[in-house]
Amino acid sequence: MSLLLAILQALVLFAAAPLLSGITRVARARLHNRRGPGVLQEYRDLFKLLSRQSVAPDAAGWVFRLTPFVMVGVMLTIATALPVVTVGSPLPVLG
């Protein structure tokens, strides 16, 4: 059960992060008496960036191509181990 909770928590945090960033951008714009971007602008920006063609130097090795996947994996691992929904860590083995 705790593994399912940890995975669900990581996916919710992964999906909600752009929304919280969008709310912050709107609030900051309102403090400056500007209209600012929409709350969902972060999701649009992510979709645009992910749909772009990959640009890599000709001399790029396997580390260059592997780095984005490693970073997403690290972020999901941290989101799995952080106690956001529960008091204790969902996966006590990780931390």
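A few points about this structure:
- Loop trypsin sites (Lys or Arg not before Pro), the stretch 45-83 (other Cβ atoms within 10 Å of the site Cβ: 16 or fewer; DSSP): 52
- Per the Debye formula on identical point scatterers at the alpha carbon atoms of the chain, with no solvent, log10 I(q)/I(0) at q = 0.10, 0.11 Å⁻¹ is -0.43, -0.51.
Taken together, the values in this text are just the output of simple stated rules run on the coordinates, not laboratory data. Small disclaimer: the values here were computed from a predicted structure and weren't measured. Neighbour counts run over all protein chains shown; Cβ positions are idealised from the backbone, glycine included.
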